[in-house]
1. Of (1) more than 7 Å from chain A (Cβ to nearest Cβ); (2) part of a helix (DSSP H, G or I); (3) farther than 30 Å from residue A:355 by Cβ, residue B:71 satisfies all except one. Which?
2. Please find, within region A:258-275, the residue that is nearest to residue A:312 (Cα to Cα) out of those that are within 13 Å of another protein chain (Cβ to nearest Cβ) and open to solvent by less than 10 Å² (accessible area, probe 1.4 Å).
3. Given the condition touching a residue at least 40 places away in the same chain (Cβ under 8 Å), surrounded by fewer than 24 Cβ atoms within 10 Å (Cβ to Cβ) and small (Gly, Ala, Ser), answer yes or no: does some residue in region A:216-234 qualify?
4. Any residue at all in region A:288-301 that is β-branched (Val, Ile, Thr) and under 24 Å from residue A:10 (Cβ atoms)?
5. Enumerate the helices (runs of 4 or more DSSP H) found wholly within region A:274-364, keeping only those where 2 or more residues are hydroxyl-bearing (Ser, Thr, Tyr).
6. State yes or no: is residue B:17 of a type in the set (A, V, I, L, M, F, W, C) and more than 8 Å from every other protein chain (Cβ to nearest Cβ)?
7. Cβ-Cβ distance below 6 Å, separation of 6 or more or different chains: which pairs start in region A:30-57 with a residue that is at the interface with chain B (Cβ under 10 Å from one of its Cβ atoms) and within 23 Å of residue A:68 (Cβ to Cβ) and end on one that is of a type outside the set (A, V, I, L, M, F, W, C) and part of a helix (DSSP H, G or I)?
8. Assess whether residue B:114 counts as being facing another protein chain (nearest Cβ under 8 Å) and in a loop (DSSP other than H, G, I, E, B).
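The values are calculated or read from the model by the stated rules, or taken from the named source; none is laboratory data. The model shown is predicted, which means the values in this text are computed figures rather than measured ones. Glycine also receives a Cβ, built like all others from the backbone with ideal geometry; neighbour counts cover every protein chain displayed. These area figures cover heavy atoms from the full protein model, side chains too; ligands, DNA and RNA do not enter into them. Shrake-Rupley method; radii C 1.70, N 1.55, O 1.52, S 1.80 Å.
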Amino acid sequence: MNQLLEISFSSLASSIHSWLSSAIANATILNVVEMAIAGVCLLVFLVPLCFVLGYMERKVAAFMQLRLGPNRVGPKGTLQIVADTVKLIFKEGLTPNASDKFLFNLAPIIVVVVSMLVMAPIAFAKNFQLWDLNIGVLYVTSISSIAVIGILMAGWSSYNKYSLLGAMRSGAQIVSYELSVGLSIISIVIMTGSLKISDIVMSQADGWWIFKGHLPIFISFVIFVIASTAEINRAPFDLSEAEQELTGGFHTEYSGMKFAMFLLAEYINLFVVSAMAATLFLGGWMPFHIGHWEAFNHIMDFIPSSLWFLGKTFAIIFIIMQFRWTFPRLRVDQLLNLEWKYLLPISMVNIILVTIMAIMGWYL
Amino acid sequence: MNTLMLAVEQSTPINYLPVVLQLLVAIGFVIFMVGVTHLLGPKRKTADKLINFESGIPQVGNARQPMAIKYFLVAILFVLFDVEVIFFYPYAINFKELGTEGFMAVLMFVAFFLCGFIYIIKKGALEWEE
């Protein structure tokens, strides 16, 4: 019985590791083979993830607007997104004559590759992580900021006024909100004293930071969610692709699979920022425990750690999706005012509060 | 200081091999998908299809026109402020060893930061309505 209960991602990974190390003698080749397997696993995880997110996006939109949403293809419309993907594969990918052809085709590749690279250090379950490097969160912030180059490249190379305007807006927006995202991540780094994702998760074994960090950490959590919604260009901050004024924004000229790549990158980024919020503030894969309620804690321990992680991540994704249908889109000056005149000073003062709290030990 | 030394020790180039492999897998995936759709999709390129979209009217003027300087100003301000944010990372890792003295230094740093911030606000660098 115990054997059965202990089937988890980490035991699966370690049994694959032991099986491979018996088959392959050379340590370097073994490492490379394992990393290749991990990369392929990530791809296998990503495609269903994007299907689920695409379906969820439509269903949440329908739910918020009292509509039915997709309900024809497959049970409850679940296969609609698969049908759409197949359609996109069979579409013609156009490259406008006036565009800079090399940069035009390079831009979607950069955007997707960057968002897939950011997935690497995320801890999906207990002891189950693709790559636990010692600069974890710094890696995530630095790599994710490369995406803006891809977006600017897409907008400029299209030779289209809408695209250029959308890309410029998007560039200003992404770089501005990166400051607040960075500062709210630093507030957690101050509390844990480590950049490593596994250390950050382990530091929340006796309570998630959002609970034991009191008000300052809660403020950073709220700032993180707002600023990262803006950083991934989602409504109400989606004015780089505001349909009503810019048709499609920076991806107006893209069609077929190249367009789908931007969509894919958007969903992966949505997952990554939600996973980061869950890891930093909501304890990653740590189960929910209440003080000395032993029985309750044991019941919570029975829920697999991967379910805890995905549950928290999808809860945040659900909140970000609800933003889209709750708030009207901001104007570009309002957008930059919100960041530079409100979020940035608040997060600066908040950092000082967090530091004082950590020095005084005013947390559990 | 100890933690800093440890961090340096662990970061040999071989530790970053996974990112190279992941890069290869990601690039392979994207090129495969775009390649498949290139092979399967129709290729009927007509002159009308390949002109830039401008809401149905013929293209007017040049799309490589100058943009408002405000966007570039925001980008320059970002570079300055982001460097300040980056300086917080080493402090955040080591602040327990640095103690009160380090905290005072960081308070001074934040004070300078806020002075610069107040300066750009007074200067009107973030005013968009004109």
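1. Failed condition: (1).
2. Filtering region A:258-275 for residues that are within 13 Å of another protein chain (Cβ to nearest Cβ) and open to solvent by less than 10 Å² (accessible area, probe 1.4 Å), the one nearest to residue A:312 (Cα to Cα) comes out as A:268.
3. Looking for residues that are touching a residue at least 40 places away in the same chain (Cβ under 8 Å), surrounded by fewer than 24 Cβ atoms within 10 Å (Cβ to Cβ) and small (Gly, Ala, Ser), one finds none in region A:216-234, hence no.
4. The initial filter retains those residues of region A:288-301 that are β-branched (Val, Ile, Thr), namely A:290, A:299.
Applying the additional criterion that residues be under 24 Å from residue A:10 (Cβ atoms) yields A:299.
There is at least one residue in region A:288-301 that is β-branched (Val, Ile, Thr) and under 24 Å from residue A:10 (Cβ atoms).
5. Working: elements: A:294-302, A:305-324, A:332-337, A:344-360.
Where helices (runs of 4 or more DSSP H) fall fully within region A:274-364 and carry at least 2 residues being hydroxyl-bearing (Ser, Thr, Tyr), they are A:305-324, A:344-360.
6. Working: of a type in the set (A, V, I, L, M, F, W, C): yes; more than 8 Å from every other protein chain (Cβ to nearest Cβ): no.
The answer is no for residue B:17.
7. Correct list of pairs: empty, since none qualify.
8. no
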